[in-house]
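S.K.: Quick one: this structure, given as structure tokens, is what I'll be asking you about.
The values are calculated or read from the model by the stated rules, or taken from the named source; none is laboratory data. Please read all numbers here as calculations on a predicted model, not as lab measurements. A quick note on method: Cβ atoms are made from the backbone with ideal geometry, for glycine too, and the neighbour counts reach across all protein chains shown. For the accessible areas, the whole protein counts, side chains as well, though only heavy atoms, and no ligand, DNA or RNA atoms are used. Shrake-Rupley method; radii C 1.70, N 1.55, O 1.52, S 1.80 Å.
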Amino acid sequence: MSAVTIRHLDKTFNAGKANEVHALSGIDLDVASGEFVSLIGPSGCGKSTLLRLVAHLLEPTNGDVTVNGKSAAQARLDQDYGMAFQQAGLFEWRTVRKNIELPLELKGWDKTRRRERANEMLELVKLPEFGDHHPWQLSGGMQQRIAIARALAAHPQLLLMDEPFGALDEMTREYMQGELLRICAETKTTVLFVTHSIPEAVYLSQRVVVMSPRPGRITKIVDVGLTGPRSEDTRNAESFFRAITAVREGLRGMHAAHVAMGMDDR
Amino acid sequence: MMIARLARRTGPPVAFGVGFLAFWEWAVRFFELKPYFLTAPSVIWSQFTDAFGLVRGAATVSGGNAFVGLVAGTILGIVMSFALSRWRLLNQIVTPLAVALNAIPIFVLVAVLNNMYSITSEIPRRIMVALVVYFIVLVNVARGLTQVSATHVELMRSYAASDVSILLKVRVPNAVPFLFTALKVAAPAAVITAFVSEYFGGSQNGLGSRIASNIANSKNAAAWSYVLGACLLGLLFYSVSVLLENVVRRGGGRQ
């Protein structure tokens, strides 16, 4: 069964008004269960909007989004997905453990069960000794790991991530990519991942969805075709570079088209 | 270790304060300043200790007014800020008004309030304090309830959290530091308003009226001793608000 099914999706903001924005047009996409799919494209291509439509934080203008065979609205009510943003978004008045417990609190879990699960999640992200710390005592990378732990606390099958490593330095970023893949493999989580880093998209994903702006459309889907688990060697593998080139061509083709139309907005 | 660190932190301001008082005392003696022009600290102090009972009595009256007004204004401000954050239209009407009123010395209204109650009543003064505190608390807490991180709200919506859950788990904790910021401003303002309110008639029993009447009678040392009492009362209110913040937010947030 596919984890996410998107059919003929359109999204227009401020429809009929002077500031109307046609954010997405005719999006069709299937994400298989257990798959890691990245959305990449220049800013304004609607990749974050697409993610929010899957999360049902926005309503589509036209078309359907199905998550785990349910409507996006129902999936949100059932907390079928976890979400992580560029900002870790930890609550500074809560300890790290209490932050991880938050989605479980809202699900009405009792205290002992919550605590048990939070400790389990702290182990998963390898920060077991930081449960009683406050978020501001942690580095950016550690905060983001806690945000991932929180997103996965209720064991959702789907993880939606909006440039979660965008604010981290390159070294931390590569470490976090490895950690994310390990965590997703351990928990068998499906991931829909928004980024604007080509190497990041290729390293993490089975498929990379290339999008173009005004209105946001899918221009190309690149099958990364890296086999087996990723390692540091992956970043030097020929197939890695091949996939990077394929994604870059997808993005560049779009740029060339824009230049031809006199719309160079680089 | 801890004593040494405390001494390093408090040493300079204490030394400055002592030096200032010493200079004041010296200047009064050296230039032979008349007591009605400037009273020496030593004279003020002896007056303060001699008439401590009177100063304390007056401070109890003014402090009581300030305290009752502070509590009432804070409660009213918190309740209203919840209403404002809930109903946007109300917010649009009340907030600009509150900000504008915050900028003008509305404590002169006490003259009007005095006409509404009997001449010996403390109620007009307490209402005045409550009003001043109310606007300070209202503006700050309403800001704390509404200016929440967009990520936090999206996160809560992704958990399908109800508006009540978002209020209790995001908006209220977010507003707590704003409340204490408001209290640190409102506590001294409450004391000042209580003093000034006494200038507009009513019983001559508080620190403000005692300062005014002693100056009118050229009893400058006595006036200064009440000023000292007023300073200590203001300091007490501020310290308690800081202490309260430390107790409530103990480790709860970035200090």
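S.K.: How many residues are under 15 Å from residue B:227 (Cα atoms) and open to solvent by 30 Å² or more (accessible area, probe 1.4 Å) when one looks only at region B:51-84?
M.R.: As a first pass, look at region B:51-84 and keep what is under 15 Å from residue B:227 (Cα atoms): B:51-63.
Now narrow it down to the ones that are open to solvent by 30 Å² or more (accessible area, probe 1.4 Å): B:52-54, B:56-57, B:60-61.
Total meeting the criteria: 7.
S.K.: Let me ask something additional. Can you run down the residue pairs with Cβ atoms below 9 Å, 6 or more apart or on separate chains, where the first is in region B:219-242 and free of Cβ contacts under 8 Å to residues at least 12 places away in the same chain and aliphatic (A, V, I, L, M) and the partner is open to solvent by 20 Å² or more (accessible area, probe 1.4 Å) and assigned to a helix (DSSP H, G or I)?
M.R.: Within 9 Å, the pairs are B:235/B:188.
S.K.: Sticking with this structure for a sec: In the list A:92, A:59, which residue meets the criterion of being open to solvent by 10 Å² or more (accessible area, probe 1.4 Å), in a loop (DSSP other than H, G, I, E, B) and either outside the structural domain of residue A:151 (by TED's automatic domain parsing) or under 19 Å from residue A:4 (Cα atoms) (or both)?
M.R.: Working: A:92 fails: either outside the structural domain of residue A:151 (by TED's automatic domain parsing) or under 19 Å from residue A:4 (Cα atoms) (or both).
The conditions single out A:59.
S.K.: Another question, if that's okay. From the list B:183, B:228, B:168, which residue is closer than 23 Å to residue A:92 by Cβ, open to solvent by 10 Å² or more (accessible area, probe 1.4 Å) and either away from chain A (no Cβ under 14 Å) or modelled with pLDDT under 90 (or both)?
M.R.: Values: B:228 fails: closer than 23 Å to residue A:92 by Cβ; B:168 fails: either away from chain A (no Cβ under 14 Å) or modelled with pLDDT under 90 (or both).
Criteria check complete, one pass: B:183.
S.K.: Separate question: Every residue in region A:1-25 that is more than 15 Å from the chain's Cα centre (by Cα) and open to solvent by less than 50 Å² (accessible area, probe 1.4 Å), please. Working first, answer last.
M.R.: Quick first cut of region A:1-25, residues more than 15 Å from the chain's Cα centre (by Cα) only: A:1-2, A:5-25.
Listed by number, the residues that qualify are A:2, A:5, A:6, A:9, A:10, A:11, A:12, A:23, A:24, A:25.
S.K.: Quick one: is residue A:71 more than 9 Å from chain B (Cβ to nearest Cβ), of a type in the set (Ser, Thr, Tyr) and under 22 Å from residue A:31 (Cα atoms)? Give the steps one after another, and end with the answer.
M.R.: Details: more than 9 Å from chain B (Cβ to nearest Cβ): yes; of a type in the set (Ser, Thr, Tyr): yes; under 22 Å from residue A:31 (Cα atoms): yes.
Criteria met by residue A:71.
S.K.: On to the next question. Just give me the residues in region B:18-44 being touching a residue at least 60 places away in the same chain (Cβ under 8 Å) and surrounded by 14 or more Cβ atoms within 10 Å (Cβ to Cβ), in sequence order. Before you say what the answer is, go through the steps one by one.
M.R.: Within region B:18-44, the subset touching a residue at least 60 places away in the same chain (Cβ under 8 Å) is B:35-36, B:39, B:43-44.
Across region B:18-44, the qualifying residues are B:35, B:39, B:43, B:44.
S.K.: Pick from A:98, A:107: which is under 21 Å from residue B:162 (Cβ atoms), more than 20 Å from the chain's Cα centre (by Cα), open to solvent by 50 Å² or more (accessible area, probe 1.4 Å) and at pLDDT 90 or above? Reasoning before the result, please.
M.R.: Working: A:107 fails: at pLDDT 90 or above.
Unique residue meeting the criteria: A:98.
S.K.: Which residue pairs have Cβ atoms closer than 8 Å, lie 6 or more positions apart in sequence or on different chains, and pair a first residue in region A:84-110 that is farther than 26 Å from residue B:246 by Cα and at the interface with chain B (Cβ under 7 Å from one of its Cβ atoms) with a second residue that is β-branched (Val, Ile, Thr) and outside any loop (DSSP other than H, G, I, E, B)?
M.R.: Final answer for the pair search is A:85/B:151; A:87/B:151.
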